Amino acid sequence: MNKSRRLLLLVMALSSLITGCSDEAKYKAMEAKYNAVQAEKAKHKAMSAEEMAVHTDSEMHHAMPAQSVETHKLDTDEIGRSADDLPPPLNRTQAQLVSVDLYTDELVAEMMPEVTYQYWTYNGKVPGPFIRARAGDQVEIHLSHGKPGAVHQGHDAHTSAQHAAAGHSAHSIDLHAVSGPGGGAPLMEVGQGEEKSFRFKATHPGIYVYHCASPHVPSHIANGMYGMILVEPPEGLIKVDREFYVMQGDFYTTVKYGAKGFQALSKEKLLAEQPTYFLFNGRVNSLSGDRALKAKVGEKIRLFVGVGSHIAANFHIIGVVFDKLYPDGAITNAPLKNVQTTTISPGSAVMIEFTAEVPGKYLLVDHSLSRAIDKGALAELIVEGLDQPELYQQVSQ
Ligand SMILES: [Cu+2]
């Protein structure tokens, strides 16, 4: 050991004596915290790239236990599609070719703070894009396995074998608006790096669900591969002020609701039909706070609400009577009027219209209420405007 190094050590020893043990302990705690965060991040990357590949479904249950995470904000993508993320009314009188670009993407995102999950998606969000066509249109769907030309860490690192081992060697799409075998799925099975297209004529006006139809189909759907397609009647829909896109999905994790860390799909719970989470648009509070549905007093609101996955929803908005309900996707039938709650079958959707008359906050729920209070099926509608005391007021004693 040379002189200068000895001197340096002496200075370090002295300074540690001066500053005392508490600083050192603090530093060590910080380091441990940093390492935990880095380990968690590394684990997520490895999970999507390599570990997923070498575990079968049942092995994954054991290989991915819940981890405690010492961080509050993980560096993940926003998984939830905003409720106002849908195309505007078509407003046209001629048939047209509607071209839709879809890609599949598997990505780790937060299901709730500090709880992550590997979603399988169309275009990186749950639900997938809202497709809007008009009866008589030709609709052309382009589907590629993986985001075209994108550098998606982890995804590009997948080999075909890894995709197969992880259960997503192929994806596809079955649109309930299609009249034809498999709703298009047999023409649209895409393996890694593949891209396929098919075209269909939108013959039946309605609001429909689409979803992945590749094996194991229920797992693909449970992981988030669904969305909705609206086929407007030739005359269009009546004009409203706001439209919103909401899908309820059931999710199945190996560990209980709210358990921190990376959560794997529990195929056992899926087969037992025992969801851990019921979610609107992909995650807990996806449509609350800043992302709440927003409207003004007097505005006509239209909701397209669907169930992508496996358990029927009991859709209700606390404090709202639905002026009009078009059940089972049948938007050209006469609506039911003055409805409180509606059941939405798995693989089905409804159209709801009402006018927001009293300002305030309204909660969208599954009225099987433990799903809303304890399992995530809760969203917010904020209505702004002047009070309407003739409709709603407190009476003092
Ligand atoms: Cu799929």
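The values are calculated or read from the model by the stated rules, or taken from the named source; none is laboratory data. The shown structure was predicted, so the numbers you read here are calculated from the model rather than taken from an experiment. No Cβ is skipped: glycine too gets one built from the backbone with ideal geometry, and neighbour counts run over all protein chains shown.
Pick from His155, His61: which is at pLDDT below 95 and part of a loop (DSSP other than H, G, I, E, B)? Write out each step before concluding.
Values: His61 fails: part of a loop (DSSP other than H, G, I, E, B).
Step by step, each of His155, His61 is checked, and only His155 is at pLDDT below 95 and part of a loop (DSSP other than H, G, I, E, B).
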Next on the checklist: Go through region 270-302 and report how many residues are under 15 Å from Val246 (Cβ atoms) and within 17 Å of the chain's Cα centre (by Cα).
Outcome noted: 14
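Mind checking which residues of region 167-191 are within 12 Å of the ligand (Cβ to nearest atom) and more than 26 Å from Asp328 (Cβ to Cβ)?
Going residue by residue through region 167-191, those that are within 12 Å of the ligand (Cβ to nearest atom) are 167-174, 185, 188-191.
Answer for region 167-191, where residues must be within 12 Å of the ligand (Cβ to nearest atom) and more than 26 Å from Asp328 (Cβ to Cβ): Gly167, His168, Ser169, Ala170, His171, Glu189, Val190, Gly191.
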Checklist entry - So how many residues does region 370-392 have that are in a loop (DSSP other than H, G, I, E, B) and surrounded by 15 or more Cβ atoms within 10 Å (Cβ to Cβ)? => result 4
Checklist entry - Out of (1) in a loop (DSSP other than H, G, I, E, B); (2) in contact with a His (Cβ under 6 Å, 6 or more places away or on another chain); (3) touching a residue at least 60 places away in the same chain (Cβ under 8 Å), what's the single condition that is false for Asp250? => result (1)
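Would you say Val365 is in contact with a helix residue (DSSP H, G or I) (Cβ under 6 Å, 6 or more places away or on another chain) and not in a loop (DSSP other than H, G, I, E, B)? I'd like the intermediate steps shown before the answer.
Details: in contact with a helix residue (DSSP H, G or I) (Cβ under 6 Å, 6 or more places away or on another chain): yes; not in a loop (DSSP other than H, G, I, E, B): yes.
Criteria met by Val365.
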Next on the checklist: Just checking, does region 234-247 include any residue being touching a residue at least 60 places away in the same chain (Cβ under 8 Å) and touching a Ser or Thr at 6+ places or on another chain (Cβ under 6 Å)?
Outcome noted: no
Checklist entry - Got a number for residues in region 182-205 being without any contact (Cβ under 8 Å) to a residue 12 or more places away in the chain and among the β-branched types (Val, Ile, Thr)? => result 0
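State whether the residues of region 256-274 include one that is within 26 Å of Ala133 (Cα to Cα) and in contact with an Asp or Glu (Cβ under 8 Å, 6 or more places away or on another chain). Spell out how you get there, then give the answer.
Within region 256-274, the subset within 26 Å of Ala133 (Cα to Cα) is none.
Looking for residues that are within 26 Å of Ala133 (Cα to Cα) and in contact with an Asp or Glu (Cβ under 8 Å, 6 or more places away or on another chain), one finds none in region 256-274, hence no.
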Checklist entry - Could we say that Leu107 is modelled with pLDDT under 95, buried (at least 18 other Cβ atoms within 10 Å of the Cβ), farther than 24 Å from Val190 by Cβ and in contact with a helix residue (DSSP H, G or I) (Cβ under 8 Å, 6 or more places away or on another chain) here? => result no
Checklist entry - Is it the case that Lys73 is part of a helix (DSSP H, G or I), at pLDDT below 95 and surrounded by fewer than 21 Cβ atoms within 10 Å (Cβ to Cβ)? => result no
Checklist outcome for this item: Checked against (1) assigned to a loop (DSSP other than H, G, I, E, B); (2) under 20 Å from the mean Cα position of the chain (by Cα); (3) touching a residue at least 60 places away in the same chain (Cβ under 8 Å), Glu357 satisfies every condition except (2)
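Within region 272-341, considering only strands (runs of 3 or more DSSP E) that don't extend past its boundaries, which have at least 1 residues that are in contact (Cβ under 8 Å) with a residue 40 or more places away in the chain and in the same structural domain as Thr253 (by TED's automatic domain parsing)?
Numbers: elements: 277-280, 293-296, 300-307, 313-318, 322-326, 336-339.
Filter on region 272-341 gives 277-280, 293-296, 300-307, 313-318, 322-326.
Which is closer than 30 Å to Thr332 by Cα and either assigned to a helix (DSSP H, G or I) or modelled with pLDDT of 75 or more (or both), of Ala53, Ala83?
Details: Ala53 fails: closer than 30 Å to Thr332 by Cα.
None of the others qualify; the one that does is Ala83.
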Checklist entry - If you go through region 270-321, how many residues are under 27 Å from Glu114 (Cβ atoms) and of a type in the set (Lys, Arg)? => result 2
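To keep it simple, each residue is scored yes or no on (1) touching a strand residue (DSSP E or B) at 6+ places or on another chain (Cβ under 8 Å); (2) under 23 Å from Leu363 (Cα atoms); (3) not β-branched (Val, Ile, Thr).
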| site | (1), (2), (3) |
| --- | --- |
| Asn223 | yes, no, yes |
| Met228 | yes, yes, yes |
| Gln248 | yes, yes, yes |
| Val255 | yes, no, no |
| Gly282 | yes, yes, yes |
| Leu293 | yes, yes, yes |
| Val307 | yes, yes, no |
| Leu325 | yes, yes, yes |
Next on the checklist: Here's a check for you: in region 195-229, which residue that is surrounded by fewer than 20 Cβ atoms within 10 Å (Cβ to Cβ) and assigned to a strand (DSSP E or B) is farthest from the ligand (Cβ to nearest atom)?
Outcome noted: Lys201
